[in-house]
Structures are given as structure tokens and as C-alpha cells.
Amino acid sequence: MENEEKKQSVLPPKPVLDPFRVKLTPEMMIPATKEEREQLIMMRESTTYWKDAMRRFKANKVAMFSLGIIILIVIFAFIGPILMPYTYDQQIRGHERLAPVINSEFFHPFGTDNLGRDLCVRVMIGTRISLVIGVVSTLFIVVIGVLYGAISGFCGGMVDIIMMRICEIIYSIPTVLIIILLNIVLKEPMQRFFDAGNLAALSSVGTGLICIFVTFALLYWVSMARMVRGEILALKNSEYVNASLALGATGGWIIRKHLVPNCIGTVVVTTTFQIPSSIFTESFLSFIGLGVSAPMASLGSLVNDALNGFQTAPYRLFIPALVLALIILAMNQLGDGLRDALDPKMKT
């Protein structure tokens with residue numbers, strides 16, 4: 001037995017087939033089938049960053065459902081008032097404090113308020129005002145924050161230090177205090193300007209809404225600027241940036257063509273989170289009386305108007321609060337979906 005084990009131990013190892021030394025013969029060349037060719041084409045199909053992100057976004061059922069909710073809310077806010085037989089400020093005598101009712105005589109799906117105004121059309125207009133404020137103020141924030149953060153991150157050194165200290169000072173300013181001061185200072189001059197210029201649309205929303213826009217443009221871009229600055233600091237030493245500098249490109253051209261486009265994914269995600277934050281801030285300010293002026297309505301002012309009759313007509317508060325909650329929840333879920341889709345590390 002020992003001799004047999006010794007013989008087996010000294011046997012030479014089996015030769016390993018080297019694929020590079022195998023001689024191919026014509027008999028081995030078997031044509032690929034149609035299914036194999038199609039599979040090879042599918043395996044080689046090229047894609048781009050945005051196509052791949054869209055594929056991942058469509059695969060996210062929660063994000064797609066949230067996008068559908070947002071589309072329905074936009075239709076409700078912008079097309080719904082056209083189909084309603086009433087206007088947001090129309091007072092209908094004999095229809096005061098009606099519960100939700102739909103019949104041949106009354107058509108008030110959400111009921112009416114103390115003045116006989118249809119709450120359905122007022123909720124539609126309030127949703128429109130809140131969405132417009134959220135989108136427009138976010139555009140101000142994105143434009144100012146991206147430009148400021150890109151310049152600060154690209155320049156670096158003392159320029160970056162000074163610009164970031166300015167951001168810290170602005171970040172410490174209380175928002176509500178600024179809006180109150182702007183309301184006090186700008187109310188009469190703006191109203192005279194609106195009346196002199198026959199700007200009925202701006203006069204109807206009041207100076208409070210204009211002050212909200214001014215405050216967002218002055219204060220709320222700081223977080224966006226910090227985020228963009230961090231992205232620019234991570235990108236400005238890349239090879240393509242150094243190559244552009246070596247070829248004589250200016251700083252503005254590099255920021256516009258290289259750095260900002262490479263931050264666009266992060267900017268898009270941050271924007272989707274900023275919109276519900278702006279809507280909630282506007283609703284809060286309207287709730288405490290610093291937003292739109294009566295008879296114009298926003299979701300926050302509708303909730304404030306419903307507080308007096310909450311015990312007898314709680315639906316007046318629940319309906320605008322539910323619409324506001326749906327907007328914020330859907331926007332946040334959409335932002336989560338975009339973050340997962342645009343993050344290359346989440347690629348599957």
C-alpha cells in the first residue's frame with residue numbers, strides 16, 4: 001500500500017489545456033444562431049448616463065407613483081379652476097357654510113366658507129399659488145446658489161474663505177424676522193407701484209408674496225451654494241480640468257462647460273427636495289398672516305381660515321392640509337427616486 005501511495009504521489013500533474021495553443025480547425029467554426037447573434041447585440045448595446053438613470057428611475061415604482069401624484073395635482077391646480085363654474089373670490093348668497101354637496105342645485109365638492117365662496121376652487125387656486133411659489137423660489141435658489149458655490153469652489157484660497165464667511169452670516173439671519181421687516185418697509189411703496197402701473201395680478205396677491213420671493217432670493221440659496229462648492233472642490237483637480245487650463249481655457253468657460261454640468265445630478269436631486277421645503281415655508285408664513293393677501297388664497301391661508309370653524313366644519317382644514325401633505329410627500333419620494341437613479345454607485 002505504501003508503494004502504491006508513493007507511485008501516485010510521484011505521478012506527473014495532468015497537462016492544463018492552454019486555449020492560446022489550441023489549433024482551430026474549420027470544423028470547429030460553427031456559425032452562431034440567430035438567437036445568439038441577437039443576444040450579443042443586446043449585450044453590446046451602448047447607453048448614456050441619462051438613459052441609464054432614466055431606466056433606474058422607471059424601475060422605482062414609488063418614485064413613478066409619486067410623479068403621477070404630482071402630475072394629477074398640477075392638473076388639479078391649473079386646469080381645475082377653468083372647469084369650475086365659480087371663481088375663487090365669488091361670494092354666492094345663500095350658499096354660506098355648506099357641507100360638501102353635489103346635486104342639480106348645488107355643486108360644491110368641498111363645501112363653502114363663511115362668505116359663500118366655493119372651497120374647491122379656492123383649494124385649486126391655493127395649490128396653484130403654493131406650487132408657483134415653490135418652483136419660482138427654487139429657481140432663484142438654484143441659479144444664485146450654483147453660481148455662487150461654483151465661483152467659490154473654483155477660485156479657492158482667500159476668495160473661498162470670504163465667500164463662505166458671507167454664507168455663514170446670511171445663514172444666521174432669522175427668516176421670519178426678515179419677512180416681517182420687508183412687509184413693513186415694502187408694503188406701502190409696492191402697493192403704490194402696483195396701483196400706478198395697473199398691475200392687477202401682482203396687486204391681488206399682495207406684498208407679502210413678493211416679500212417671500214425676495215427673502216428666498218436673499219437667504220435660502222446658502223445651502224445650495226455649500227453643496228455645489230463641495231462638488232466643485234472635488235472636481236476642479238480632475239484631468240480634464242487641468243487639460244483645459246493647459247490649453248488656455250478661462251475659469252468661466254471651465255465652470256460653464258465642465259464643472260457645473262458634472263454637478264447637475266446633485267443639483268437636480270437637491271432641487272426636488274427644495275421645492276417642498278419652499279412650499280412648506282410659504283404655507284407656514286401664510287398661516288401666520290405673512291403670505292398672500294385676501295381674497296387670494298394659498299394652502300396655508302386656507303388652513304388658517306378654517307381654524308375658527310374647526311369643530312363644526314373640520315373638512316375645511318383637512319382638505320387643504322391633505323393636499324399640502326400629498327405635495328410634500330410626493331416631492332420627497334420623487335427626490336429619493338432621483339437620488340437613487342442619478343447616483344452612479346447605485347447602478348445595477
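Mind listing just one residue for me: the one in segment 279-320 that is over 13 Å from Ile212 (Cα atoms) and charged (D, E, K, R) and, of those, most open to solvent (accessible area, probe 1.4 Å)? The selected residue is Asp305.
Quick check: is even one residue across segment 18-30 at pLDDT 75 or above, open to solvent by less than 100 Å² (accessible area, probe 1.4 Å) and part of a loop (DSSP other than H, G, I, E, B)? Checking segment 18-30: not a single residue is at pLDDT 75 or above, open to solvent by less than 100 Å² (accessible area, probe 1.4 Å) and part of a loop (DSSP other than H, G, I, E, B). Of the candidates Val132, Val159, Val146, the single residue that is in contact (Cβ under 8 Å) with a residue 60 or more places away in the chain and either touching an Asp or Glu at 6+ places or on another chain (Cβ under 9 Å) or not in a loop (DSSP other than H, G, I, E, B) (or both) is Val146.
Does Ala330 satisfy the criteria of being open to solvent by 20 Å² or more (accessible area, probe 1.4 Å) and out of contact with any Cys (no Cβ under 7 Å at 6 or more places or on another chain)? It would help to see each step written out before you state the result.
Working: open to solvent by 20 Å² or more (accessible area, probe 1.4 Å): no; out of contact with any Cys (no Cβ under 7 Å at 6 or more places or on another chain): yes.
No.
Take Ile82 and decide whether it is modelled with pLDDT under 90, open to solvent by 60 Å² or more (accessible area, probe 1.4 Å) and either among the basic types (Lys, Arg) or over 30 Å from Asp336 (Cβ atoms) (or both). Considered against the rule, which asks whether it is modelled with pLDDT under 90, open to solvent by 60 Å² or more (accessible area, probe 1.4 Å) and either among the basic types (Lys, Arg) or over 30 Å from Asp336 (Cβ atoms) (or both), Ile82 comes out as yes. Screening Asp305 with (1) under 23 Å from the mean Cα position of the chain (by Cα); (2) touching a residue at least 40 places away in the same chain (Cβ under 8 Å); (3) in a helix (DSSP H, G or I) gives one miss only, at (1). Each residue in segment 92-120 was checked for being crowded, with 19+ Cβ neighbours inside 10 Å and aromatic (Phe, Trp, Tyr), and 1 pass.
Kindly check whether there is at least one residue in segment 79-86 that is part of a strand (DSSP E or B) and either free of Cβ contacts under 8 Å to residues at least 60 places away in the same chain or aromatic (Phe, Trp, Tyr) (or both).
Scanning segment 79-86, I find no residue that is part of a strand (DSSP E or B) and either free of Cβ contacts under 8 Å to residues at least 60 places away in the same chain or aromatic (Phe, Trp, Tyr) (or both), so the answer is no.
Taken over segment 158-192, the criterion of being at pLDDT below 75, loosely packed, with under 13 Cβ neighbours inside 10 Å and among the basic types (Lys, Arg) is satisfied by Arg192 alone.
The values are calculated or read from the model by the stated rules, or taken from the named source; none is laboratory data. None of these values were measured; they are calculated from a predicted model. As a convention, Cβ positions derive from the backbone with ideal geometry for all residues, glycine included, and neighbour counts pool all protein chains shown. The protein model used for the area step is the full one, side chains on, heavy atoms only, and it has no ligands, DNA or RNA in it. Shrake-Rupley method; radii C 1.70, N 1.55, O 1.52, S 1.80 Å.
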